[in-house]
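Read the structure below first, then the notes.
The values are calculated or read from the model by the stated rules, or taken from the named source; none is laboratory data. Predicted model, so just to flag it, every value in this text is computed and none were measured. Neighbour counts run over all protein chains shown; Cβ positions are idealised from the backbone, glycine included. Only protein heavy atoms, including side chains, enter the accessible area calculation; ligands, DNA and RNA are left aside. Shrake-Rupley method; radii C 1.70, N 1.55, O 1.52, S 1.80 Å.
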Amino acid sequence: MAPADQPRLIVVADAEALARSAAERVMARISAGPGRIAICLTGGSSPKQLYQLLGTETYRTRIPWPRVHWFIGDERFVPDSDPLNNMNVARAAFLDRDAPPSNIHPIPTTTGGPDESAAAYARELQSFYGADRLDPSKPLFDLVLMGAGPDGHTASLFPGYPALEDTDRWVVGVPKANVAPFVPRVTLTLPVLASCREMLFEIEGAGKRPVLTRLLNNENLPAARARSNGETVWLVDKAALPEDFRGGR
């Protein structure tokens, strides 16, 4: 199935409602599949409240931990114990308590450089998927979580960067980020991120209003180009919504 022309826009009241809505969509995707489930997490500030919520009794007791696998869409090339490490944030918030260690799939950042890390993670993804080429009828992920940076980047796919145009590799190294922290990154490419049943963006707060305005105006930004081969959802709180926008549901 080809990506939809436009993502579905869902507007909620505030950051708390956004985290709850995102958590329920995570649970719905997990419940929809009777077998192995693959969820691709995201970094940055957007998902922190969601991750904390998934670590509460209300949600953690509903997750069938043995059959859910957790990946990450991009990583800062820093040690896994570094506070800047994206997977470290998710592990501390909810994964390490309940997820089997073999079901947590971080991007390696302890040896070599970003390119070697990217190649290693591509091999891990392909091993999990069972092939080195993506089949449009067989999504890699059940759910991919995403965010949108102030410059319109998503994952570590920055405007004008070569990684944005890579359609052959599954994972690529990014020598330097376009926004702080200015450290090397490793990121999944657009075709790999698209291989999912649902791609869920969380866009929260007045600070995201300028970039959301640009996205709603159909600017050619990485976050606008990231679409699922299944369903793409922009989950937005009212603070991020342009004042003159009257759409959404």
If I filter the range 229-242 for residues that are out of contact with any strand residue (DSSP E or B) (no Cβ under 9 Å at 6 or more places or on another chain), open to solvent by less than 40 Å² (accessible area, probe 1.4 Å) and over 17 Å from Leu9 (Cβ atoms), do I get at least one hit? no
Kindly indicate the residue of the range 136-171 that is closer than 18 Å to Gly112 by Cβ and buried (at least 21 other Cβ atoms within 10 Å of the Cβ) and also nearest to the chain's Cα centre (by Cα) among those meeting that condition. Ser156
Consider the range 172-193. How many of its residues are open to solvent by less than 10 Å² (accessible area, probe 1.4 Å), among the aliphatic types (A, V, I, L, M) and out of contact with any Pro (no Cβ under 6 Å at 6 or more places or on another chain)? 6
The range 119-155, residues that are closer than 23 Å to Pro108 by Cα and basic (Lys, Arg): Arg123, Arg133
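Residues being touching a Phe, Trp or Tyr at 6+ places or on another chain (Cβ under 6 Å) and outside any helix (DSSP H, G or I): count how many of those fall in the range 105-129.
Applying the first criterion (touching a Phe, Trp or Tyr at 6+ places or on another chain (Cβ under 6 Å)) to the range 105-129 yields 105, 107, 109, 114, 122, 125.
Next, only the ones that are outside any helix (DSSP H, G or I) stay: 105, 107, 109.
Number satisfying all stated conditions: 3.
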Count, please, the residues in the range 84-104 that happen to be touching a helix residue (DSSP H, G or I) at 6+ places or on another chain (Cβ under 8 Å), surrounded by fewer than 18 Cβ atoms within 10 Å (Cβ to Cβ) and in a loop (DSSP other than H, G, I, E, B). 1
Restricting to the range 211-231, and then to whatever is assigned to a loop (DSSP other than H, G, I, E, B) and touching a residue at least 40 places away in the same chain (Cβ under 8 Å), can you tell me which residue is farthest from Ile37 (Cα to Cα)? Glu219
